[in-house]
Amino acid sequence: MLIGKDSLEEQKAWSFLKFGPWTADNLGGIDRMAKYSEPVVTVKPTPEECAGEVRYVARQPILDAHGRVHGYELLFRDGPEGIPQADGDLATRTILDDTVLFGLERYTNGLPGFVHCSAETLTEHLVQVLPPSMTVLVIPARAEPTPRLVEACLELKACGFRLALDDIAWHVQLQPVTERADYIAADFSVLDSAERANARQQLSRIAIAKIAKKVETLDDYQQATAAGFTLFQGGYFCHPVLVKNQKAPANRFFHFELLRHLNRETMDLKKVSELVERDASLTYRLLRFVNSPICAIRQEVRSIESALLIVGEAAFRRIANLAIISELSAAQTPEILQMALLRARFCGLAADLCAMDPEEQHLLGLLSLLPAMLGLPMEALTPSLPLRAPIREALEGTPNPERSLLTWLEFHEQGNWAACDSIVAANGPKLRRLIRCYSDAVDWARTTLGAAA
C-alpha cells in the first residue's frame, strides 16, 4: 500500500522511513514535506505476513573483473530451525513463492538473480513463475543427471532462462546441458593448487562464463583470474590489502571533521555549510541528492545553507552522511556503497529492538566498510571518528552489545544462519522484525543509491 497523508499515524510512518524517529529537530522538515509533497515510499507486506512463516533471504553479489556487479546469488533458509540438507526442494519452492509475491528485482536491483534449483523444481517446471530474462537457474552438482532433468533444462533454456552449473566436475550425461549452459561455478576455497591448475585446463576448452565462488582475499582473486575465471563471488572486495602504519590522507580527515560537526547535538549551520562548500564534489553530491525525487522537495535548492533550512536538521544530517560516504567510496566498486547503505538502514531500523540509538546505529553501519573504501585498518581511522568509545570499539570488531546488529547482518550476508540465530537468542529481538528490517533496508538502499547516482 502507498502511505498517504490522511492521518497523523500515516505521516509518522512515512517520516520514520525518510528521517528516523520524530524528534524536536526534524518536525519542521517533516511538516513541510507532508504539506507540499507526495510520499514516494511504498510499503509492501513481508513474506512472513503473507505466508505466515519466518524466512531468511540473503544475497551475495557476483562481480566482474572491473568490480561491477553482474548479478546476485540468492541464499535462502526457511525458518529459524533451518531446512534439512536433503530437503533442498522445500527451500527452492519457498523462495519461488517469495519471488511471486514480491518480484525478483527486490533483491537483485534488476540484475540477474542466480536461484538454486532442486531437480524437482526444474523437471516440474515450477521455476517458470520467475521472469526468464532476469533469472539464472543454478543446477545442483549433486542432482542425478537423468534424461528427464536434461530435457527439462533444455526446455527452460529455450524459454529464455539462463543456466548455471554449480560444479566444474560435471557428469557426462549432462553434456547437452553443459554445451548450452551460460555459467559454470567452482568453490575456489576447496581447490588446492593442482586442482586450480586442472580447473584452468578444463575451463579453457569451453566458451562459458566462469564464476569463482568463495573468493575471500586479493590473492584468491588474482589466482582465480589466472585460472580463467571471469566472475567472482566472495568477500574479497570488502577485505582489500590494507596499508599498515599509515594515516588517512588529509582530505579524508576533512570528511571526518565534517562528520564530527554533523553529529554534534547542536549543529552549527554556518560552520557546516562552510565545510561542505570546501569540497566541490561533496557539494555536488549533496545538492544533487536534495534536489532528487526521493526528497520530494518542490523548491529548488541552490546552496548548502538553504538545503539545511528546507529539509530540517535531522534529514540534512542523514543526507550529508550519505554524501560523505559516497565520496569516500568513489574509487571502489559501487557494491561497497550499496552494502554500506544497506547496513546503515538495517542497523538504524533495528536499533529500537535492542534499545539502542537509531542515529548512532545508522552511523555504525554506514562506516563499517571504511577499511574497504580507504585501504586502511579501522584502528587507524576510528580515533578521528565522531563516535562514543563503545561505537568506535564496535567498528574495530569488539563483540560488545553495540555491535550485535551489525554482527547479525554480517553473518546474514554470508548465509550463516546458525550464527544469526545465536545472536537473536543472546539479545532477544524478535526474528520476524529483524528480517523485516533487512527487507526494508534492501529496498531503501536500492532507492537511495538510484537517487544519489
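When the residues of the stretch 425-436 are filtered to those that are in a helix (DSSP H, G or I) and in contact (Cβ under 8 Å) with a residue 60 or more places away in the chain, which remaining residue is nearest to K213 (Cα to Cα)? The extreme case among them is I435.
Hey, does the stretch 170-185 have a residue that's outside any helix (DSSP H, G or I), out of contact with any helix residue (DSSP H, G or I) (no Cβ under 6 Å at 6 or more places or on another chain), over 25 Å from Y236 (Cα atoms) and among the small types (G, A, S)? Yes, the conditions are met somewhere in the stretch 170-185. Consider only pairs whose beta carbons are under 8 Å apart and that are at least six residues apart or on different chains; among these, list those whose first residue lies in the stretch 149-166 and is assigned by TED's automatic domain parsing to the domain that holds V177 and on the phi > 0 side of the Ramachandran plot and whose second residue is surrounded by fewer than 22 Cβ atoms within 10 Å (Cβ to Cβ) and not polar (S, T, N, Q). Once the first residue is assigned by TED's automatic domain parsing to the domain that holds V177 and on the phi > 0 side of the Ramachandran plot and sits in the stretch 149-166, its partners that are surrounded by fewer than 22 Cβ atoms within 10 Å (Cβ to Cβ) and not polar (S, T, N, Q) give G160/P132.
Yes or no: R302 crowded, with 21+ Cβ neighbours inside 10 Å and among the charged types (D, E, K, R)? The answer is no for R302. Based on this model, can you work out whether S439 counts as touching a residue at least 40 places away in the same chain (Cβ under 8 Å), among the polar types (S, T, N, Q) and buried (at least 18 other Cβ atoms within 10 Å of the Cβ)? Yes, satisfied. Please verify whether T382 is modelled with pLDDT of 90 or more and of a type in the set (V, I, T), treating the condition exactly as stated. Here the answer is no, as T382 does not meet what is asked. All but one of (1) acidic (D, E); (2) modelled with pLDDT under 80; (3) part of a helix (DSSP H, G or I); (4) surrounded by fewer than 21 Cβ atoms within 10 Å (Cβ to Cβ) hold for D98; state the number of the condition that does not hold. The failed condition is (4).
When the residues of the stretch 106-131 are filtered to those that are of a type outside the set (S, T, N, Q) and on the phi > 0 side of the Ramachandran plot, which remaining residue is surrounded by the most Cβ atoms within 10 Å (Cβ to Cβ)? Only one residue tops the list, namely H125. When the stretch 382-403 is filtered for residues that are among the aliphatic types (A, V, I, L, M) and in a helix (DSSP H, G or I), the ones remaining, listed by number, are A389, I391, A394, L395.
Which one of these is in a loop (DSSP other than H, G, I, E, B) and of a type outside the set (S, T, N, Q): A344, A351, A340, A331? Selected residue: A331, the only one of A344, A351, A340, A331 that is in a loop (DSSP other than H, G, I, E, B) and of a type outside the set (S, T, N, Q).
When the stretch 51-71 is limited to residues that are modelled with pLDDT of 85 or more and charged (D, E, K, R), the one that is nearest to P334 (Cα to Cα) turns out to be R68.
The values are calculated or read from the model by the stated rules, or taken from the named source; none is laboratory data. It should be emphasised that the depicted structure is a prediction, and the values quoted were computed from it without experimental measurement. Reconstructed Cβ throughout: ideal geometry from the backbone, glycine too, with neighbour counts over all protein chains shown.
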